[in-house]
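The values are calculated or read from the model by the stated rules, or taken from the named source; none is laboratory data. Computed from a predicted model, the values in this text were never measured in an experiment. Cβ sites come from the backbone with ideal geometry, for glycine too, and all protein chains shown count toward neighbours.
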Amino acid sequence: MTTSSAAIQQDASRPFGLALPDYPWDAMAPYLKLASGHPDGVVNLSIGTPVDATPEVLRQALAGAANAPGYPTTHGTTALRQAVVDWFERRRGVAGLDPQAVLPTVGSKELVAWLPLLLGLGAGDVVVRPTVAYPTYDMGAVIAGATPVAADSLDELDEQTRSRVRLVWVNSPANPTGIVRNTDQLRILVDAARALGAVVASDECYAELGWGPWDPDRGGQPVPSVLDPQVSGGTNELLLAVYSLSKQSNLAGYRAAFAAGDPDLIANLVNSRKHAGMIVPYPVQEAMRVALGEDSHVRAQKDRYRARRELLLPALRAFGLEVQHSEAGLYLWCTAGEDTWATVQRLAERGILAGPGVFYGDAGNGYVRVALTGSDERIAAAAHRLSAGV
Ligand SMILES: Cc1ncc(COP(=O)(O)O)c(C=O)c1O
């Protein structure tokens, strides 16, 4: 267990503004410069931003809802919430979700960053997040004035810390490691959190991107949700599932996501978000509704990522990297057994930009994260450079 706020220091001399650390990606500038010098151009696999087109059917849904003079509903249209309920049943094995217990969000990042504050957390409260994790979990805790703590199991915490835990983030499939938690593992975590009276927020934004044993299109099983009855025990009390359409539907630019779970928590969040004006625009709600009812574009996008993954895997190994976990999601979690920045440098010399593992916590040192979000042409170029040594 580590308190993960080392980089976050209060600056008493600062009269205004939150004391958040500088945005870490700015540290990539010299490596981007180096990689951009490659004669065939840079292959930027450092961030997971989708590069393929937003499906036409979703663009039409957005355009078709362009006449929107009135304020949209914060809770989401009835039709959108029903689409989320149907999606959970069809794609996630979660039947009978209450449409009242669904809430659209302005992308997931917004919810991740504001959830501790909206849950009423503050000084003295602990927010637990995975040891190697998406950095916004920490930022959300800090924005609320709570303490972020890195742990993969609540057993890792001392008694004093355990007594202060109010929110536990689980991220399966995980960014950046690609680790998937099965129903037993999720159930253990949920039981342990509930025993402390803590909320479990499960960030599941890569759930449709399972590989190997987690790839239902190839004989595997679906990635489980925290709302799966085998995990929840049949009640969603203290549980929130968080999902995003950014990756599965190439909608990152629309800011399209949702949360679902405990009806009381959702009702309180809806009320707070009404007061705060945290509303998903109506045309985006319509695009979400259509996206959640249309599985073929999700399958087509996943096929693209699968092909890129299969090209990159052997190439990264040929370059001398070991690919660990990466059972799902958009990233390959790689190590050469050396300092993170040494690997970032060696890849940049080949014109390839990878994400430094240290951006995801101290436990990420020695690793780089290679995203599958390059065009087919750029991924092929990277694979060639890695295998052929050019
Ligand atoms: C684990 C995780 N959660 C949340 C998000 C944010 O997604 P969104 O585009 O919905 O804000 C990301 C984006 O990369 C992510 O990796």
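Structure summary
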| quantity | calculated |
| --- | --- |
| Residue within the range 296-319 that is in a loop (DSSP other than H, G, I, E, B), in contact with a Phe, Trp or Tyr (Cβ under 8 Å, 6 or more places away or on another chain) and buried (at least 16 other Cβ atoms within 10 Å of the Cβ) present | no |
| Selection status of Pro104, assigned by TED's automatic domain parsing to the domain that holds Tyr282, within 12 Å of the ligand (Cβ to nearest atom), more than 14 Å from the chain's Cα centre (by Cα) and not in a helix (DSSP H, G or I) | yes |
| So Pro148, is it touching a residue at least 40 places away in the same chain (Cβ under 8 Å) and assigned to a strand (DSSP E or B) | yes |
| Selection count where residues are more than 30 Å from Arg309 (Cβ to Cβ) and part of a loop (DSSP other than H, G, I, E, B), scope the range 151-183 | 4 |
| Qualifying residue in the range 325-343 (condition: surrounded by fewer than 17 Cβ atoms within 10 Å (Cβ to Cβ) and touching a Ser or Thr at 6+ places or on another chain (Cβ under 6 Å)) | no |
| Subset of the range 37-47 [modelled with pLDDT of 95 or more and either closer than 15 Å to Gly374 by Cα or of a type in the set (D, E, K, R) (or both)] | Asp40, Gly41, Val42, Val43, Asn44, Leu45, Ser46 |
| Number of the exception - Leu111 against (1) away from the ligand (no atom under 16 Å from the Cβ); (2) under 22 Å from the mean Cα position of the chain (by Cα) | (1) |
| Some residue of the range 88-101 being within 12 Å of the ligand (Cβ to nearest atom) and part of a helix (DSSP H, G or I) | no |
| Residue, nearest to the ligand (Cβ to nearest atom), within the range 132-145, restricted to residues that are closer than 16 Å to Ala201 by Cα and not in a helix (DSSP H, G or I) | Tyr134 |
| Cβ-Cβ under 6 Å pairs, at least 6 apart or on other chains, the range 67-93 side without any contact (Cβ under 8 Å) to a residue 12 or more places away in the chain, far side surrounded by fewer than 19 Cβ atoms within 10 Å (Cβ to Cβ) and in a helix (DSSP H, G or I) | none |
| Unmet requirement for Val231, which otherwise passes all of (1) surrounded by 24 or more Cβ atoms within 10 Å (Cβ to Cβ); (2) within 16 Å of the ligand (Cβ to nearest atom) | (2) |
| Residue satisfying condition, being within 21 Å of the chain's Cα centre (by Cα), part of a helix (DSSP H, G or I) and modelled with pLDDT under 95, within set Ala363, Ala291 | Ala363 |
| Qualifying residue in the range 51-73 (condition: modelled with pLDDT of 95 or more, closer than 18 Å to Gln248 by Cβ and of a type in the set (Lys, Arg)) | yes |
| Filter pass, Val128 being over 30 Å from Thr73 (Cα atoms), within 16 Å of the ligand (Cβ to nearest atom) and touching a residue at least 24 places away in the same chain (Cβ under 8 Å) | yes |
